Amino acid sequence: MKKYTDLSLETYLEKLASDAPVPGGGSVSAYVGALGMGLTQMVARIALKRKPKKDLTSEQKFQDEANRKRMQEIIDSLEKTKADALQVVSLDPKVYDEVMACYQEGASAEKLEDALQNAFRLQADLALMLVMAKEWNAHMKTLVKGAVANDLIVSDNLLSAAFEGAYHTAHINVVYMKKQERKERAEKALAELRGRLTKGS
């Protein structure tokens, strides 16, 4: 499998802008999502470097310690989720090629359905990661103050854009599914993701 994350950003952009179908929207959504997650981590780490005020009451000290613990938890959660999103940058072109190969080789209906399901699942899983990242980002907004908090706005918008990309890339695979039961399950899963996103915003 070709690792697009091993490319420089400049080279990745050159390949993205070419007439080749990969990398495409699914890969970009994963990349943008990972960037948003990294930006949230940056904000949290800057906030953690700040020393607590000296004149805090016991209650304020307790709250400050709880806030710092929560920020570290968010950093750690995002580290794993970011790594998973980065894998999708390269996996999405792979599953796309597998779907296209089914069409070109006249594969059986069953094999095509499985390829579409794999492509759907990859992006649906990415969409879930992005929903979680947006939830953590929303929590960060309650913990961080000052100019650095502005980067959480940037991060949130990156995550939103990445979610839309993952959602619609997942959905286009559902459109071509023939098995009604599988199609309905996929549609339900996407609706639940959309609902969770809306609830958290």
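Could you list the trypsin sites (Lys or Arg not before Pro) in segment 1-97 that lie in coil according to DSSP, counting only those with at most 16 other Cβ atoms within 10 Å of their Cβ?
When the trypsin sites (Lys or Arg not before Pro) of segment 1-97 are filtered for loop state and at most 16 Cβ neighbours within 10 Å, Lys2, Lys3, Arg50, Lys53, Lys54 remain.
Restricting attention to the alpha-carbon atoms of segment 23-200, what are Rg (one decimal) and Dmax (integer), both in Å?
19.6, 73
Give me the number: length gained by fully extending Lys2 to Glu184, i.e. 0.36 nm times residue separation minus the C-alpha to C-alpha distance, one decimal in nm.
62.3 nm
Through the Karplus equation 6.51 cos²θ - 1.76 cosθ + 1.60, θ set to phi - 60°, convert the phi angles of segment 9-19 into ³J(HN,Hα) values in whole Hz; use x for Gly and Pro.
My calculation for segment 9-19 gives 4, 4, 5, 4, 5, 4, 5, 5, 7, 6, 8 Hz in order.
Which value, in debye to the nearest 20, gives the size of the charge dipole of the chain about its Cα centre, when Lys and Arg are +1 and Asp and Glu are -1 at the Cβ?
The calculated dipole for the chain is roughly 960 debye.
Using a Gaussian network model of the chain whose springs link C-alpha atoms within less than 10 Å, name the residue from Asp92, Asp64, Asp151 with the highest mean-square fluctuation.
In this elastic network of the chain, the residue with the biggest mean-square fluctuation among Asp92, Asp64, Asp151 is Asp64.
Using a Förster distance of 22 Å, how high is the FRET efficiency between Lys141 and Lys51, based on the Cβ-Cβ distance and rounded to 0.05?
0.55
As a check on your grasp of the helix formula, calculate [θ] at 222 nm for the chain: sum -39500 (n - 2.57) over DSSP H runs of n ≥ 4, divide by the residue count, round to the nearest 500.
Calculated from helices alone, the mean residue ellipticity at 222 nm is -29000 deg cm²/dmol.
May I ask you to list the lysines whose Cα is less than 20 Å away from that of Lys3, ignoring any residue fewer than eight positions away on the same chain?
Lys15, Lys80, Lys82, Lys94
Which whole-Hz couplings ³J(HN,Hα) result when phi for each residue of segment 163-179 is put into the Karplus expression 6.51 cos²θ - 1.76 cosθ + 1.60, θ = phi - 60°, listed in order with x for Gly and Pro?
4, 4, x, 5, 4, 6, 5, 5, 5, 4, 6, 5, 3, 8, 5, 9, 6
Throughout, read-outs are computed from the coordinates displayed, never taken from laboratory work. These figures come from a predicted structure and were not determined experimentally. For neighbour counting, all protein chains shown are included, and Cβ atoms are generated from backbone atoms with ideal geometry for every residue, glycine included.
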